[in-house]
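Remarks on the structure that follows.
The values are calculated or read from the model by the stated rules, or taken from the named source; none is laboratory data. Bear in mind the structure is a predicted one, so any value in this text is a computation, not a measurement. Here the Cβ positions follow ideal geometry from the backbone for every residue, glycine too, while neighbour counts run over all protein chains shown.
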Amino acid sequence: MEEQTRYIHYLEHCRVKHNVVLLESQHGRTLGGNIAAIAKELATAPEYKGFRLWLSCQENQIEELTAKLKKHNLSNIRPVLTGSREYFKLLAAAKYLINDNTFILDFIKRPEQVYLNTWHGTPLKTLGRKIKDDAAMIGNAQRNFLCADYLLCPNELTMKSLTEDYMIENLGNTRILLGGYPRNTEFMDEERRSVIRRECGLENKEVYAYLPTWRGVLNQVDNEKQNEQLTGYFEELESLLGEHQRVYVKLHPMNSKGINLSMFKRILPFPQEYETYEFLNATDGLITDYSSVFFDYAISGRKILLFTYDKEEYTSERGFYFPMEELPFPQAATIRELVQYMDGKKDYDDTAFLKTYCAYDTKEATKVLCRRVFFNQESPLIEERSLKNNGKKNVFLYGGPLNTGRTTDRFFELIKSLDTEKYNYTLIYKMEEVIYRQKKLQRLPEGMNYLGFYEAFSLEEKQKEQYIAWRKSRTAPSEKQKELIRHLVDNEKQRLFTDCRIDYVLDFSGSNDETMLILAAYPMSRLKMPNMSKTINRQLKGVLDTERIEVETAEQVELLLEQKLK
C-alpha cells in the first residue's frame, strides 16, 4: 500500500484518540528546541500522566534520539519512524499534534484534532513571499499555518512575518499565541548549567558556542567552498585562542560532514548527549551570524558576537527584516577582530532588544503554553490574538500552469487592473507547475496574494484505482463514481484549504481536471478570455459546471463578482 493511500485509510477508519500526542521536530531529524522542552513538560508534569506520547524520528536518527530520551529519563515518550505505518496511524488519529515546522504534503487535519505549531525562530532573514529566489514554493508552510489551531509567536516580528508574509490573514481561523518560546526556559536553569559544565570539565574555562548559518545551494561545489573557508577560519582561530578558551561548533547538517574538527584542541564539536539549547545554557558566549539563535540567547544576558565575514554578499542574496546595524551586538569581519571581542567584556546595551524580542520569555513559558493547548487554561503570560480580518470577500483566482504564452499574458494583463481594495484576491496555483517559472508571480499587482498547493489523490488504494480506471474510460460517471468523486473532493478541500473562508472562485484556466473538481465545490465561475479554446471534457459534464463566461476586461470581471456576491 502506498504511503499516501495508507494514511487516507487510517483517516477513514481510525477514530481520534483523545489521550495521544504526536510531537515532531524538524521533520523528525532531531529532538530539539521547542519540541524538546514541550516533550519534557508532557513527560514529567503529573497532569499529563494519562497521555501517550510519541516522537517522530527519521530512520538514521532513531538510535540517537532513543539514547537522548533514556538519558533524560523520558522513557514514557516512544519514538515512531516517519513514513511507517504507525506514524501514519498516529498522524491520522492522535488528538494532539505539535510541530516546529510542517507536516507532510498529504496531511489532512481532522476537525477533532488540536494542532499547535511553534515554528522555530524569530526571523532576521525574510520569509514567505519576501524570499528572493523561492517565494513561490511556500505552499506547505501556508497550509500548515492555516490548519493549525494555534501558532506560537515569541514577539510581534515573528507574528507579522508568519501571518503577513505567508499571506494567511483574512483566510483562516488560526489563533496566534504571543508567548515565550519553550526552548528558552533552558537559559533560566542555573542548576542545570552548572551540572553540564561540571560533566564536560568546563568549570574553569571560558566557553563559546559557534552556530553559523548555512550558505549556498544544494550542490557539492558550494558546500566544498564554504567548508574550505570555515576550515581556514578555524585554523586561524585555534592559533589565537587562549588555553582557558574553548569554542564548541554546531554546523548546519549540509556542512557538518565536510569539516573535520579532530585536528583542533580548543575548537570542538557540540556534545551529542545534550540538546542544543541545553548545552548553549552552559556556555559563556555565543558566536553566530544571521541565525535566529541570537534572539533566544539574548535572554541569558551573556555575550553575543556576530562573525559576519560575508555580510555584503549574504545580504545581497537574502533580504533582512531590518538592517543588521540596528542590532546591539558587536560584528566582526575577521578572526582577529572576533578574538578581540571575545577577550573583551560585554560592553553593549541590549535593553531595548530584549524588550522588543524577548518580552514574553519566562520560566513558566512551557507550562502555561501546554496548559493553554491541553486544558484551555488562560494565563497573563500568553497573549492570544485572532488573525486579522478586514471583512472583505475572499476571491480565489486560478490561471492554470502559467505557461509562457499569450494566454498567460492576457491573464496577467486582465488581473493587474482588478481593484484589490474591493476584494481580497488570492492567486492559487500548483507548485509543481510553477517551480521553474516562479518569477511569473512578480507580475501580480500590489495587494494581491497567492497560495500554492500540490495536487494529490486523497483516496484509499482501491478507491484510487477505481477513480483512475474511470478517468481512463473517458465515459460519464455513474452514480457510484459520482459518490467517489464527491469523496475525493471533500478530502482535498480539507487537505488544501481546511476551514479557509473562500467566497468565490474565478477560473481562467480553461482546464478540466482534478483541480477543477475541487474548485467547483465552491461558488465558481469559469471565465473565457479571447481566443481561448472552447473544448469541453465531456467526461466531466454533469460533474463540473462547464458553462464559460466570456470576459475581456477587469471591469467585466468585477461586474460579475458584484452580481454573484450580493
**Message:** Can you pull out every residue in the stretch 128-148 that is buried (at least 21 other Cβ atoms within 10 Å of the Cβ) and either in a loop (DSSP other than H, G, I, E, B) or not assigned by TED's automatic domain parsing to the domain that holds SER25 (or both)?
**Reply:** ALA136, ILE138, ALA148
**Fill in**
Looking across the stretch 443-479 at residues that are among the aliphatic types (A, V, I, L, M) and more than 20 Å from PHE497 (Cβ to Cβ), the single one that is surrounded by the most Cβ atoms within 10 Å (Cβ to Cβ) is ALA476
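Of the residues ARG548, ARG538, which is modelled with pLDDT under 95 and surrounded by fewer than 14 Cβ atoms within 10 Å (Cβ to Cβ)?
Numbers: ARG548 fails: surrounded by fewer than 14 Cβ atoms within 10 Å (Cβ to Cβ).
Matching residue, one of ARG548, ARG538: ARG538.
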**Fill in**
Among the residues of the stretch 1-57, the number that are assigned to a loop (DSSP other than H, G, I, E, B) and either β-branched (Val, Ile, Thr) or over 24 Å from ASP361 (Cβ atoms) (or both) is 10
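Going through the stretch 463-504 one residue at a time, which ones are of a type in the set (Val, Ile, Thr), in contact (Cβ under 8 Å) with a residue 60 or more places away in the chain and within 29 Å of ASN173 (Cβ to Cβ)? Give the steps one after another, and end with the answer.
As a first pass, look at the stretch 463-504 and keep what is of a type in the set (Val, Ile, Thr): 468, 475, 485, 489, 498, 502.
Filter once more, keeping what is in contact (Cβ under 8 Å) with a residue 60 or more places away in the chain: 475, 498, 502.
Those that are of a type in the set (Val, Ile, Thr), in contact (Cβ under 8 Å) with a residue 60 or more places away in the chain and within 29 Å of ASN173 (Cβ to Cβ): THR498, ILE502.
Identify, from the list SER509, SER533, SER473, SER478, the residue that is hydroxyl-bearing (Ser, Thr, Tyr), closer than 23 Å to MET167 by Cβ and either within 29 Å of the chain's Cα centre (by Cα) or modelled with pLDDT under 95 (or both). Steps first, answer last, please.
Details: SER533 fails: closer than 23 Å to MET167 by Cβ; SER473 fails: closer than 23 Å to MET167 by Cβ; SER478 fails: closer than 23 Å to MET167 by Cβ.
Every option except SER509 fails the conditions.
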**Item:** Test result for LYS464, more than 30 Å from the chain's Cα centre (by Cα) and either part of a loop (DSSP other than H, G, I, E, B) or not hydroxyl-bearing (Ser, Thr, Tyr) (or both)
**Value:** no
**Request:** Would you confirm whether any residue within the stretch 93-107 is modelled with pLDDT of 95 or more, part of a helix (DSSP H, G or I) and over 12 Å from the mean Cα position of the chain (by Cα)?
**Result:** yes
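Is the stretch 305-321 home to any residue that is of a type in the set (Lys, Arg), surrounded by fewer than 20 Cβ atoms within 10 Å (Cβ to Cβ) and at pLDDT 95 or above? Break it down into steps so the answer makes sense when it comes.
Step one: list which residues in the stretch 305-321 are of a type in the set (Lys, Arg), which gives 311, 318.
Within this subset, residues satisfying the condition of being surrounded by fewer than 20 Cβ atoms within 10 Å (Cβ to Cβ) are 311, 318.
Now restrict to residues that are at pLDDT 95 or above: none.
Within the stretch 305-321, none of the residues are of a type in the set (Lys, Arg), surrounded by fewer than 20 Cβ atoms within 10 Å (Cβ to Cβ) and at pLDDT 95 or above.
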**Prompt:** Yes or no: TYR309 in a loop (DSSP other than H, G, I, E, B) and farther than 26 Å from ASP133 by Cβ?
**Reply:** no
**Prompt:** Quick one: how many residues across the stretch 156-189 are over 27 Å from TYR274 (Cα atoms), of a type outside the set (D, E, K, R) and touching a residue at least 40 places away in the same chain (Cβ under 8 Å)?
**Reply:** 15
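For TYR425, state whether it is buried (at least 17 other Cβ atoms within 10 Å of the Cβ) and free of Cβ contacts under 8 Å to residues at least 24 places away in the same chain. Don't jump to the end; show me each part of the working.
Values: buried (at least 17 other Cβ atoms within 10 Å of the Cβ): yes; free of Cβ contacts under 8 Å to residues at least 24 places away in the same chain: no.
For TYR425, the condition - buried (at least 17 other Cβ atoms within 10 Å of the Cβ) and free of Cβ contacts under 8 Å to residues at least 24 places away in the same chain - is not met.
Pull up the stretch 75-96, narrow it to residues that are under 22 Å from PHE375 (Cα atoms) and out of contact with any Asp or Glu (no Cβ under 8 Å at 6 or more places or on another chain), then point me to the one that is surrounded by the fewest Cβ atoms within 10 Å (Cβ to Cβ).
Here is the first cut: in the stretch 75-96, the ones under 22 Å from PHE375 (Cα atoms) are 76-77, 90-96.
Remaining after also requiring out of contact with any Asp or Glu (no Cβ under 8 Å at 6 or more places or on another chain): 76-77, 90-94, 96.
Working: ASN76: 14, ILE77: 21, LEU90: 23, LEU91: 25, ALA92: 24, ALA93: 20, ALA94: 25, TYR96: 23.
Step by step, filter the stretch 75-96, then rank; the result is ASN76.
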**Item:** So GLU413, is it assigned by TED's automatic domain parsing to the domain that holds ASP503, free of Cβ contacts under 8 Å to residues at least 24 places away in the same chain, under 19 Å from LEU451 (Cβ atoms) and surrounded by fewer than 18 Cβ atoms within 10 Å (Cβ to Cβ)
**Value:** no
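For the stretch 54-112, which residues satisfy the criterion of being of a type in the set (D, E, K, R) and free of Cβ contacts under 8 Å to residues at least 40 places away in the same chain? Step through it out loud before you land on a result.
Pass one, the stretch 54-112, residues of a type in the set (D, E, K, R): 59, 63-64, 68, 70-71, 78, 85-86, 89, 95, 100, 106, 109-110, 112.
If the condition is that a residue be of a type in the set (D, E, K, R) and free of Cβ contacts under 8 Å to residues at least 40 places away in the same chain, then GLU59, GLU63, LYS70, ARG78, GLU86 are the ones that fit.
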